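Shown next, in structure tokens, is the structure this report addresses.
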Amino acid sequence: MPEGTVLAFDFGLKRIGVATGERLIGSAHPLMVIAAESNEERLAAISRLIAEWQPSLLVVGLPVHVDGTAHETTQLAIKFGERLQKRFQLPLSYADERLTSRDAEARLRETGRNSRAAKPLLDAVAAQLILETWFESPAHVIPAPAQFPA
């Protein structure tokens, strides 16, 4: 696997979880949650992260149902990824994000946090799980979002 930092995103309508990782060692860590109201504020926050971390790749979690069919926000996540790629001119990959929020909740509970204390971290941990999925299994990578018609 090539070297370089990766930023991963758990896209949501209210919040975007962000994680960072290193391709060479395949490790991922939760970074932050972007809770800005407007798309421009969100993109400005992402721009600052890209300037700081200098990623070689962006990964966006693609929400799909357990059976792999399109979710209500699948197209919105694809558009978010396309917007990132166009604006920042970085390679982009999508990763299957099935059950990452549920897994993130379980992981945070294991650390002794109750759901209220864990909520601010949830989306960043979900982004970490998306990136771990991307690192661990190329089968989870979704190369052609065109398979999900608008």
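Laboratory data are not the source of any read-out in this text; all were calculated from the coordinates shown. As the structure is a prediction and not an experimental result, all values here were calculated from the model. All Cβ positions, even for glycine, are placed from backbone atoms using ideal geometry, and neighbour counts span all protein chains on display.
Could you check, for region 57-68, whether at least one of its residues is of a type in the set (Gly, Ala, Ser), under 14 Å from the mean Cα position of the chain (by Cα) and closer than 25 Å to residue 23 by Cα? Checking region 57-68: at least one residue is of a type in the set (Gly, Ala, Ser), under 14 Å from the mean Cα position of the chain (by Cα) and closer than 25 Å to residue 23 by Cα.
Residues that are in contact with a Ser or Thr (Cβ under 9 Å, 6 or more places away or on another chain) and either aromatic (Phe, Trp, Tyr) or more than 11 Å from residue 124 (Cα to Cα) (or both) within region 13-43 comprise 13, 21, 22, 23, listed in sequence order. Assess whether residue 4 counts as being more than 17 Å from residue 128 (Cβ to Cβ), surrounded by fewer than 21 Cβ atoms within 10 Å (Cβ to Cβ) and touching a residue at least 40 places away in the same chain (Cβ under 8 Å). Judged against the criteria, residue 4 is a match.
The selection criterion, being over 21 Å from residue 128 (Cβ atoms) and in contact (Cβ under 8 Å) with a residue 24 or more places away in the chain, does not hold for residue 90.
Listed by first and then second residue, the pairs with beta-carbon distance under 9 Å, at least 6 apart or on different chains, first residue in region 41-54 and closer than 15 Å to residue 90 by Cα, second among the hydroxyl-bearing types (Ser, Thr, Tyr), are 49/20; 53/5; 53/20; 54/5.
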